[in-house]
Each structure stands twice: as structure tokens, then as C-alpha cells.
Amino acid sequence: MANGRRNFKIIPSGKNSRNRLLGILKGLAMYALIAFAALIFFYNISGGGDINKNEVPISQIINDIKSEKVEKISVEGNKVSAKLKGEEKEVVAGKEDGESIYKILESSGVDPKSLTIEVKDISLQQAWFGVLGAILPVLLLVGLMFLMFRQAKDAGQGIFSFAQSRARLFTKDQPQVKFADVAGLPEAKKELEEVVDFLKNPGKYKEIGARTPKGVLLVGPPGTGKTLLSRGVAGEAGVPFFSIAGSEFMEMLVGVGASRVRDLFLNAKKSAPSIIFIDEIESIGRMRGFGMSGGHDEREQTLNQILVEMDGFTPNESVIVLAATNRPDLLDPALVRPGRFDRRVLLALPDLEERKAIIELHMKGKPFTKDVSIELMARRTVGFSGADLANMLNEAAILAAREGKKIIDHKDLEEAATKVKLGPQRKRMQTEEDRKLAAYHEAGHAVVGHFLPHVDPVHRITIVSRGMSGGHTMFPPTEDRSNETKSRLLEQITTALGGRAAEDMIFKDISTGAANDIETATAIAREMVVEYGMSSIGPINIKPRSMFGYPGMGNEGGDVSENMHSKIDSEIKRIIDEAYRQAQTLLRSNKIKLDKVAKELLEKETLNNEEFEKLVGKKKTTV
């Protein structure tokens, strides 16, 4: 497994500046339009701008005319303004709409000819304001909607693109991952090399009557390189690569997921030959029939559309679907049948040679001391995934840089490997009683495991806290194993209970520190009884199952009788009790060595394999 290269789309700075300038201009234009509309509105409701004049009843103006106090009258629409003699200010009154000022004066006994009357024609002005008052709000609303849609479209979240695919497209012009960038996984790469050849040379397969695989399902634990290997297929084939996660199809609205599936396959067909990669496909490909909403569930509709697109009435031979999952047991049978996902590529945890290749690949660009051995690190990291190994080397580099080193040594790698599996050290104050309890507890694990022939040698013992534990004893496997024997499992249970047995023997009391050990021992014993048939019950698989095939969904153990439950519990207790008695016997016969290890732990806090074996002797193992 190698580092994945991120693809970035670089936008020129000049274009970015122009976009920002256009955005500012659009905003200013929008604000100007709103301000103009507000101005027109307030002008209309304020009576044309006469808010500073004194407003009086029309009868007062008529009385002032009769008293000869008025010099001139101005009429503007329904507003009557009177200029009083000897005063700068004007008084304003309103008249009825359509009523003439001359008739008002005559009906009040005033001769219109006795004073100056000025009538202003504002019909055109009123017409314009009426038109603007009617059209401007509509234009304002249209402008707001246009800007909103334009902004949403630029952000890729437009309302009309709601049902479009969210897949990211990687083309051959962008930096690509090749199979050479993916360390290990030889069998998986060989399977996928054929897929690459199908995309590059489809003709030679059609000539012989072979059909291009429609789908390839990558199955493996997290961190084994499923996504990276898929990108390697796209890089080797040099075709467009559409990448999307299964959860990106799902939305609250029913039908959106199916629409996005249609859009994704439509775009892939337009770019054919191409590859569609769906990560975490179990989020939409789970077995149908158990949803709370029946067949109308959004997830089921999305799955149905994927089934149709992969093998429907219009079969497609130019688009290959790659999918990754670490839960193949949850997938719908119709999805994983031949004709849809024709191939299943299994990606297991890397073996010794693969770990060497992965470590060597990730060591590039990092300085190491000469004593660092790839062989030793590969043997030390049994059970690590490719992602764990990459993280370990990165943590080692960070640790060395933090301490001011210019080169990474074996101590940094050892600390990084421990940190990846158990977490960082916790610097906390411990009482002398707690330290002594932890020392005997971990020494109990180490001594019991050392004298059991099928347990791997002790690698490291420490009473330094990590994560939730107050200390730990490490027994990493010395070789890759695909199976476990009954003898080895029983000795693992005995070793796990060694810490509790040491506490009981030395302090005549027990603590809560053995909780995780007891949980581990019980889990192994239960699996031996109900799954592996390694008990007096016999070779019968009586693992409790749920109603729907998924754990934790009700009806747990409904097909196991009460009598069988009782036998299972009895067998588990028998195995645990026998292992605990064996641990006590080993510790009593090796109490002097137990005391030596505990005393050394109190002084040094951490012991490696060489230091431990100096105290207790070399380990005797079975052939």
C-alpha cells in the first residue's frame, strides 16, 4: 500500500481576482437596485417630498384667503399650497381627488380672480411613478432570484442540480496512481490487471467470445488498500475515473438517490470506456426486505436503480463498476451475483513479504539509522494493515522531529508501532501501591506466557500507561498464521488470566485492572464453544443468530434451547476455571522469577525481550 496522491485543480490567480471583482460589482448593483426601490416607495408615501411643509385643513387656507393673508396658491395634483404674505413658509392642504380648486373657492364665496392661482400639470410624472411602482417590485424579485440561482450554481449546489451525481471525476491528465505505487497485494493486482486489459484491448476478448466484467467487488479489512488499488486500476487503464461514496447517494427526499445513480451512469457512459468506483457500498447495497418503510425506502430505491443500471434491459459493456466494502455479508444477493459483480477480489492483511515491501515503500524520503532492519520491523508488525504501517512510519518521523533528531532510529520505530496499536503514553502520577500492583500484574502475564510452549515470546513489558490500560505485555506473533489450534487458544486464555492470578497470589486481593483480560479470555472461550466446536459439546456451530441475520436486531439466540444455553455457560466456565488454575500453578512454581521481573519493572518501567529472558531464562517452544 502506498501514499495516495491528492489531485488538485489549480485556478489561476488572475481568474480568481476577476471572479471576486465580478462578485463585488454584482453585490453593488443589487444594493443600488434595492436603494432605488426604497426611494421610490418612500417618495410615494411621503406625498412627493413635501414632508417639511406645514399641513393644514383646506378650510384654513380659504379663511386666510378671505382675510387677504394669502399671496399665491399653487395646485399640484391633490395638494394645495398657499404662500402667505410676509412669511417664507407655505402651508399645504389636501383636496378631494378630481375636484377643481376653482369650484372649491367659488362654493366658499371666494372669487378666484382675486388672487394668483398656479396649477402644475403632473399627470406625466404620476404616470411614470405608477409604472415604476408596478414594475420595479417585479424586477427586484426577478433580480434577487437570478442572483440566488447564479450563486447556487457557481457553488455546485443549485436547486436544479439537486438530483445530479456528486461523483468526483479524475481524468488521465491529472496525477495518477499506478500499480507500482501500491506495495504488496500481488494476487489482487493480477486480478485487476485483467480488468485494465479489458479496458485497453476490448477487441481481443470480443473476438473469442469473452464478456467484459461488469463489476469487481473489493473485499477486505479497513486499511488494506481497497480505494488505493481502485485508483491504480484507473491510472493503469488511463480512462476517466468517477469516484463516489455510497452515502453520497442518500438524501432525505425519496427518489433523489435513484436519480443520482442514473445521472452517474449517464455521465460514465458519455465518457466510456470509464470506471465507476463506489466506496463503502454496503451503505446502499444492504439486503432488501428488512427496512422500516418496505420497498418504498429511499435506500432500496437507490439499490434497485443500481441493479438496473448494472444489468438491465440496456446492458452496458464500456463501463466497469468497482466497489469496496469490509462487510460483504450485508450485501444484497442480487447485487453480488454474476452479471453484476462478476469478480470478488479479497484483500487480506499483508503477510511478511508484503509488509517488507510496504515498509520499504514508505521509508522513501525519510532518513534512517543503519541499525534499522526492515526484516525485524516486518516481523514485529504481524497483524498490521497497510494503513497501520504507513501511520507507524509517519509517527516515527514525527517523534524524531519532535526530539530534534535529524535521523530516525529503531527506538522511534518501536515507540511508533506501540503507539499505533495501543495509543500514546499517559503521563500521570501513580502511587507506589499502584505501581507495584501494575508491576506484578504485567509480570504475571509475562511469566505465565513464557512457560507455556504455544504462546509467542514476550516482546515488551511496561507499566507505562497507554490508552485506558495501566500497563501492557506484548506477545506479537512471530509468524503469520491462518489458523489457531485448540492448544494455542487455551494457552492464550491462561496467559490473559496470569495478571489476575499474580495479584491474588501476591496481595491476597484482586483489583479492577484485570477487567479487559477477563473480557478477552471469556470471548475466546465462548468462540471455542459456540463456533469452533472445541468443547465437550462437540463440533456443533451454535453461535446465536438474529432474526434478520444481523447482530443486535432482535431474537438473539432464538434457535438455541435453554438446556443448550446452560451447557454453553458451563463449558465456558470450565475452560476459564481450568486456565486460571493452570496460571496459579505456574506462578507458584516460578514465584522467585515473578518477583525478579516485578522488581525490575519498578526500577526501569519497561523491559524488552532480552532483558526479560536474562531474568527468567530462554523460552522453550514446541516445534
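The values are calculated or read from the model by the stated rules, or taken from the named source; none is laboratory data. Model, not experiment: these values are computed from the prediction. Cβ coordinates were reconstructed from backbone atoms using ideal geometry, including for glycine residues, and neighbour counts include every protein chain displayed.
Please enumerate the residues belonging to the stretch 411-444 that are of a type in the set (Asp, Glu) and under 30 Å from residue 386 (Cα atoms).
Those that are of a type in the set (Asp, Glu) and under 30 Å from residue 386 (Cα atoms): 412, 414, 415, 442.
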- line: Exactly one of 452, 437 is surrounded by 17 or more Cβ atoms within 10 Å (Cβ to Cβ), over 15 Å from residue 596 (Cα atoms) and either of a type in the set (A, V, I, L, M) or in contact with a His (Cβ under 9 Å, 6 or more places away or on another chain) (or both), and that residue is 452
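This table checks each residue for (1) of a type in the set (S, T, N, Q); (2) without any contact (Cβ under 8 Å) to a residue 60 or more places away in the chain.
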residue: 372; (1), (2): no, yes
residue: 379; (1), (2): no, no
residue: 384; (1), (2): no, yes
residue: 388; (1), (2): no, no
residue: 391; (1), (2): yes, yes
residue: 400; (1), (2): no, yes
residue: 422; (1), (2): no, yes
residue: 432; (1), (2): no, yes
residue: 446; (1), (2): no, no
query: Are any residues in the stretch 67-93 under 14 Å from residue 56 (Cα atoms) and at pLDDT below 70, and if so, which ones?
result: 78
message: Would you confirm, using the coordinates I've provided, whether residue 451 is closer than 24 Å to residue 388 by Cα and among the aromatic types (Phe, Trp, Tyr)?
response: no
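What residue, of 535, 561, is of a type in the set (Gly, Ala, Ser), surrounded by 13 or more Cβ atoms within 10 Å (Cβ to Cβ) and modelled with pLDDT under 90? If you could, list the steps in order and put the result at the bottom.
On the way: 561 fails: surrounded by 13 or more Cβ atoms within 10 Å (Cβ to Cβ).
Being of a type in the set (Gly, Ala, Ser), surrounded by 13 or more Cβ atoms within 10 Å (Cβ to Cβ) and modelled with pLDDT under 90 holds for just one of 535, 561, which is 535.
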- request: Specify the residue that is surrounded by the fewest Cβ atoms within 10 Å (Cβ to Cβ); the eligible residues are those in the stretch 465-495 that are among the aliphatic types (A, V, I, L, M) and without any contact (Cβ under 8 Å) to a residue 60 or more places away in the chain.
  value: 468
Considering residues of the stretch 569-593 that are aliphatic (A, V, I, L, M) and within 47 Å of the chain's Cα centre (by Cα) only, the residue farthest from residue 505 (Cα to Cα): 572
task: Pick out the one residue from 464, 448, 455 that is at pLDDT 90 or above and either in a loop (DSSP other than H, G, I, E, B) or of a type in the set (D, E, K, R) (or both).
output: 455
query: If we scan the stretch 365-382, do we find a residue that is farther than 23 Å from residue 478 by Cβ, more than 28 Å from the chain's Cα centre (by Cα) and assigned to a strand (DSSP E or B)?
result: yes
- request: Give the residues of the stretch 496-533 that are of a type in the set (Gly, Ala, Ser) and either touching a residue at least 12 places away in the same chain (Cβ under 8 Å) or farther than 29 Å from residue 595 by Cβ (or both), sorted by residue number.
  value: 496, 498, 499, 501, 502, 511, 513, 514, 521, 523, 525, 533
- prompt: Going by the structure shown, is residue 372 buried (at least 21 other Cβ atoms within 10 Å of the Cβ) and of a type in the set (Val, Ile, Thr)?
  reply: no
statement: Within the stretch 397-409, residues surrounded by fewer than 16 Cβ atoms within 10 Å (Cβ to Cβ) and outside any loop (DSSP other than H, G, I, E, B) come out as 398, 401, 402
- prompt: Consider residue 108 against the criteria (1) touching a Ser or Thr at 6+ places or on another chain (Cβ under 9 Å); (2) modelled with pLDDT of 70 or more; (3) closer than 30 Å to residue 138 by Cβ: it satisfies all of them except one. Which criterion is unmet?
  reply: (3)
- prompt: Here is a list of conditions, (1) in the same structural domain as residue 227 (by TED's automatic domain parsing); (2) at pLDDT below 85, and residue 341 meets all of them except one; can you say which number that is?
  reply: (2)
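Give the residue, chosen from 206, 178, 189, that is assigned by TED's automatic domain parsing to the domain that holds residue 330 and either modelled with pLDDT under 70 or under 26 Å from residue 285 (Cα atoms) (or both). Please lay out each step first, then the result.
On the way: 206 fails: either modelled with pLDDT under 70 or under 26 Å from residue 285 (Cα atoms) (or both); 178 fails: either modelled with pLDDT under 70 or under 26 Å from residue 285 (Cα atoms) (or both).
From the options 206, 178, 189, the qualifying one is 189.
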Residue in the stretch 119-140 that is modelled with pLDDT of 70 or more, of a type in the set (D, E, K, R) and part of a loop (DSSP other than H, G, I, E, B) present: no
message: Checking residue 412 against (1) in contact (Cβ under 8 Å) with a residue 24 or more places away in the chain; (2) surrounded by 23 or more Cβ atoms within 10 Å (Cβ to Cβ), only one condition comes out false. Which one?
response: (1)
